[in-house]
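Presented below is the structure to which this report refers.
The values are calculated or read from the model by the stated rules, or taken from the named source; none is laboratory data. Treat the numbers as computed from the prediction; the structure is a model and nothing was measured. In this analysis, Cβ positions are derived from the backbone assuming ideal geometry, glycine residues included, and neighbour counts consider all displayed protein chains.
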Amino acid sequence: MYAVARKIARNAPPTVGVLSVVNRDAAVDTMVLAFAADPIARWWWPEPQQYLASMPGFTRAFGGAAFGYGTAHCTADGAGAALWLAPGIEPDEAELLATVETTVAPALRDDVLAMVEAMGSHHPDEPHWYLPMIGVEPARQGRGHGAALLRHQLARCDAEGTLAYLESSNPRNIGLYLRHGFEITGAIQVGSSPVMTPMLRRPR
């Protein structure tokens, strides 16, 4: 009986809760681990030391507003996190541009800035929830954490009748987003960059 209970617990979908500002550093660490092999992130910062020094500040600038609005989510074990921005809430553009200016190699800087601008132009005109970042630490990927994080917020989007929007920086994740109702709306590619895929989900 005990073995069966353990198996059920192991297969149960992860539970999701809200992260506060107090938990911000732990969530940022999770994102740094989760994006360590991300094609776009490692195009921006190809050297390990460069990536490790730059990604925490980028995460805070890009999705950090979620902590103050109660829209940063994590799985109960802390393995996964999602930073959602409500309609009308945006990344810290000044801090984001400053991070690019001070951390990206000069040879890539113009292309990265052009990518950031292109990302902004792909957002829908209608009010929408934006998912700047979602990640699961590599050692615990493939166990349903990403799906649980998506379901948690998308249920709210459906209840509110609101669009959800994201850019997939890794082609490996596109199938997950498609399964949760997102549709590909284009492609973002600048200079030597990998392709980033904007995706939109209409409420159900």
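Couple of notes before you dig in:
- Test: Gly88 is out of contact with any helix residue (DSSP H, G or I) (no Cβ under 9 Å at 6 or more places or on another chain) and farther than 23 Å from Pro48 by Cα: yes
- From the list Gly135, Gly142, the one residue that fits, being on the phi > 0 side of the Ramachandran plot and not in a helix (DSSP H, G or I), is Gly142.
- Yes/no for Ala148 being small (Gly, Ala, Ser) and out of contact with any strand residue (DSSP E or B) (no Cβ under 8 Å at 6 or more places or on another chain): no
- Just one of the listed residues (Arg143, Arg179, Arg172) is more than 16 Å from Ala86 (Cβ to Cβ) and surrounded by 14 or more Cβ atoms within 10 Å (Cβ to Cβ), and it is Arg143.
- Selection within the stretch 173-204 - part of a helix (DSSP H, G or I) and either aromatic (Phe, Trp, Tyr) or at pLDDT below 95 (or both): Tyr177
- In the set (1) more than 24 Å from Val32 (Cβ to Cβ); (2) in a helix (DSSP H, G or I), Leu150 fails one condition alone, (1).
- Selection within the stretch 72-92 - part of a loop (DSSP other than H, G, I, E, B) and either in contact (Cβ under 8 Å) with a residue 60 or more places away in the chain or surrounded by 21 or more Cβ atoms within 10 Å (Cβ to Cβ) (or both): Ala76, Asp77, Ala79, Pro87, Pro91
- Pairs meeting the criteria (first residue in the stretch 44-63 and without any contact (Cβ under 8 Å) to a residue 40 or more places away in the chain, second residue part of a loop (DSSP other than H, G, I, E, B) and surrounded by fewer than 19 Cβ atoms within 10 Å (Cβ to Cβ), beta carbons under 6 Å, at least 6 apart or on different chains) are Ala61/Asp92.
- Hey, Val112 among the hydrophobic types (A, V, I, L, M, F, W, C), under 22 Å from Pro13 (Cα atoms) and in contact (Cβ under 8 Å) with a residue 60 or more places away in the chain or not: no
- Selection status of Ala37, buried (at least 21 other Cβ atoms within 10 Å of the Cβ), of a type in the set (Gly, Ala, Ser) and not in a helix (DSSP H, G or I): no
- Any hit, the stretch 100-114, residues being closer than 28 Å to Leu154 by Cβ and either part of a helix (DSSP H, G or I) or modelled with pLDDT of 95 or more (or both): no
- Matching residues in the stretch 20-40 - criterion: being more than 13 Å from the chain's Cα centre (by Cα) and within 15 Å of Met115 (Cβ to Cβ): Pro39
- Residue satisfying all of: in the stretch 41-100; polar (S, T, N, Q) and over 26 Å from Thr162 (Cβ atoms); farthest from the chain's Cα centre (by Cα) among these: Gln49
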